[in-house]
Amino acid sequence: MKIGFFDSGLGGLTIMKAVAAMLPQFDYAYYGDTANLPYGDKPEEEIYRLTLEGVKYLFEQDCLLVIIACNTASAETARRIQNEFLSDNYPERKVLGIVVPTIEMMKYTTPTTVALIATKRTVESNKYLNELETSNNVMVSLTQIAAPELVPLIEMGEIEAASSQAINRIEAEAGESEVVVLGCSHYTQIKTALREHFGESIIILSQDEIIPDKLSNYLDRHQEISEKLTGEGARTVHLTEHRPDYDHQMGVFLGGVFMAD
Ligand code: DGL
């Protein structure tokens, strides 16, 4: 069986790419809901319905485990899918969100001031704030920056424009934050520009560098899952809407030439 990745668009491809590089012994399937992007300003119920559709699709493709690589969807749906859908329909399968592992990694850096830059919906859900408050021994002050303008730019390949807008927002709103969490799968594309700009003054956390280790660790602890996973690093991509320029974009996100099914 395979590992599935769900995202509202192409952003999560960078996370799948990083996971497949670390765990090449498995096969991967990706579902990008490009027809409904962006999720960042949709109501919670709609995000739940759309995410569930994607998860069901990935289960039909023989995915045993689905990572919701979209922070907006993770924040609004991961726990609800686990509690309300999996136990009745797919008790053997797993759906994992991306927010909790990101917070675990953040705790490693032991900051006292952190800025989260994410979509409007992720910020409004207060998921990062709530998870931080319930995690043990962490005294962190979190500044949340909603930057809905970045996703459409990144999805169109306008990386320079997105990076400079992100830099402006961070400079204006992140105060003295020691760490900036890029809390949106699309922002993996701007991490290099941000690191070049901020140098050592701010630690930039990017989820394509967090999730592979966390997943590998999870699979080590859950042999009942890892022993059912098979493959040899094959990757398939399903997009709910396929614009001609997406083939080029997928090449940029995944590396090399890539065509969606
Ligand atoms: N990639 C999604 C995330 O990680 C957001 C993009 C969108 O607004 O659809 O939050």
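Bear in mind these aren't lab numbers, they're just calculated from the coordinates by the rules spelled out. Everything numeric here is computed off the predicted structure, so don't read it as measured data. Methodologically, a virtual Cβ is constructed for each residue, glycine included, from the backbone with ideal geometry; neighbour enumeration extends over all protein chains shown.
Side notes on the structure shown:
- Mean-position separation - Cα centroids, segment 71-111 and segment 1-59, in angstrom: 13 Å
- Charge dipole (the chain, unit charges on Cβ, about Cα centre) - positive-most of 81, 253, 184: 81
- Note on segment 143-261: Cα Rg divided by 2.2 N^0.38 Å, N the number of residues, gives 1.27.
- Summarising the label geometry, the points placed 7 Å from Cα in the beta-carbon direction at residue 92 and residue 195 lie 4.1 nm from one another.
- Selected from 84, 104, 209 as most flexible by GNM, with the chain as the system and alpha-carbon contacts under 10 Å: 84
- Exposure proxy ranking for 200, 60, based on other Cβ atoms within 10 angstrom of each Cβ and starting from the fewest, stands as 200, 60.
- Treating r as the C-beta distance of residue 62 and residue 220 and R0 as 35 Å, the FRET efficiency rounds to 0.95.
- Packing-based exposure ordering (other Cβ within 10 Å, fewest first) of 198, 6: 198, 6
- Selected from 221, 93, 235 as most flexible by GNM, with the chain as the system and alpha-carbon contacts under 10 Å: 221
- Panel order for 225, 67, 15, 204, by other beta carbons found within 10 Å of each beta carbon, from fewest to most: 225, 204, 15, 67.
- Put a plus charge on the Cβ of each Lys and Arg, a minus charge on the Cβ of each Asp and Glu, and nothing anywhere else: the dipole of the chain about its Cα centre is then about 340 debye.
- Degrees, to the nearest 10: 44-60 long Cα axis against longest axis of the chain: 40 degrees
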